[in-house]
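*Asks:* Got a structure for you, written out below as C-alpha cells; questions coming shortly.
The values are calculated or read from the model by the stated rules, or taken from the named source; none is laboratory data. This one's a predicted model, so the numbers in the text were calculated from it and none came from an experiment. Cβ coordinates were reconstructed from backbone atoms using ideal geometry, including for glycine residues, and neighbour counts include every protein chain displayed.
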Amino acid sequence: MSERGGRLRGQLHQLVREIAKFGAVGGAGLLVNLAVFNLVRHVTEVPVVRASILATVVAIAFNYVGFRYFTYRDRDKSRRTKELTLFLLFSAVGLVIENGILYTATYGFGWDTPLQSNVFKFLGIGVATLFRFWSYRSWVFRALPVRDAVPGAESFLEQRRPAPEPVRHRVGR
C-alpha cells in the first residue's frame, strides 16, 4: 500500500473514532436534554419552547464537559477562553436551530401534544447536531498543528557517511 493510502486510512480511522466519541457524548447530552425538557414540561407550567430552551442550556453545559475532557481531550488547550466563547456562540446557534424547529411546529402548525413536542424537539436536536459537529471540530476544538518533516530529512538520514580514515601515528622521526 502506498504511503498516501495509509495516511488516508489513518485519517479516516481517526474521523470515525471522533464521530463515535462525539456521538457518545451527544447521545448522553440528548438524554439529558429530553429528560430535562419532559421534567420541566410535566412538573411546571413553563411553556413548551421555554422548557426546551432551558433543557438545551443544561445539555450544552453537560456536552462541553464531555467534549472537552473526552471527545477532544487531545486537542489544543492553550486558549480556553476563546474555546469556551466559540463553543457558547456555536451552541447558541444550535439552540436557535433546535428550538426554531420546535417553535415552528408548536406555534406555526399547532402541533403541541407531548408526543408532537418530543418528535419536533428530537428533530431539532438532530438538525442542530449536524451544525454543531461541523462547527465544534472546525472552530472550537481545533486540532494541534501537524509539524511537517523538514524537507529532505529522510534522505539525509538515508545517506551514509564515508567511514573515517584511520588515524596514523608517527613513531619517532
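*Asks:* Can you find, within segment 32-87, the residue that is surrounded by the fewest Cβ atoms within 10 Å (Cβ to Cβ) among those that are polar (S, T, N, Q), in a helix (DSSP H, G or I) and within 23 Å of the chain's Cα centre (by Cα)? Even if it seems obvious, please write down each step before you answer.
*Replies:* Within segment 32-87, the first condition is being polar (S, T, N, Q), and the residues that meet it are 33, 38, 44, 52, 56, 63, 71, 78, 81, 85.
Among the residues that remain, those that are also in a helix (DSSP H, G or I) are: 33, 38, 52, 56, 63, 71, 81, 85.
The next check asks that each one be within 23 Å of the chain's Cα centre (by Cα); those that pass are 33, 52, 56, 63, 71, 81, 85.
Working: ASN33: 26, SER52: 29, THR56: 26, ASN63: 24, THR71: 23, THR81: 7, THR85: 12.
Selected residue: THR81.
*Asks:* Tell me yes or no: at least one residue of segment 123-145 is farther than 18 Å from ALA55 by Cβ, modelled with pLDDT of 90 or more and not in a helix (DSSP H, G or I).
*Replies:* For segment 123-145, residues farther than 18 Å from ALA55 by Cβ, modelled with pLDDT of 90 or more and not in a helix (DSSP H, G or I): absent.
*Asks:* Starting from residues that are in contact with a helix residue (DSSP H, G or I) (Cβ under 6 Å, 6 or more places away or on another chain) and of a type in the set (Phe, Trp, Tyr), keep the ones in segment 71-107 and report whichever is modelled with the lowest pLDDT.
*Replies:* Per the stated criteria, the residue is PHE87.
*Asks:* Now a separate question. With the checklist (1) within 18 Å of GLY126 (Cα to Cα); (2) surrounded by 12 or more Cβ atoms within 10 Å (Cβ to Cβ) in hand, flag the one item ALA20 doesn't pass.
*Replies:* (2)
*Asks:* Please list, ordered by first then second residue, the pairs with beta carbon atoms under 6 Å, 6 or more apart or interchain, first in segment 109-122 and of a type in the set (A, V, I, L, M, F, W, C), second part of a helix (DSSP H, G or I) and modelled with pLDDT of 95 or more.
*Replies:* Pairs that qualify, where the first residue is of a type in the set (A, V, I, L, M, F, W, C) and the partner is part of a helix (DSSP H, G or I) and modelled with pLDDT of 95 or more, are TRP111/ALA105; PHE120/ILE101; PHE120/LEU102; PHE120/ALA105.
*Asks:* Select from segment 19-41 the residues that are without any contact (Cβ under 8 Å) to a residue 24 or more places away in the chain and of a type outside the set (A, V, I, L, M) and list them in ascending order.
*Replies:* The answer is GLY23, GLY27.
*Asks:* Now a separate question. Filter segment 98-118 for residues that are farther than 14 Å from ASN33 by Cβ and assigned to a helix (DSSP H, G or I) and give the result.
*Replies:* Initial filter on segment 98-118 (farther than 14 Å from ASN33 by Cβ): 100, 103-116.
Of everything in segment 98-118, those that are farther than 14 Å from ASN33 by Cβ and assigned to a helix (DSSP H, G or I) turn out to be GLY100, TYR103, THR104, ALA105, THR106, TYR107, GLY108, PRO114, LEU115, GLN116.
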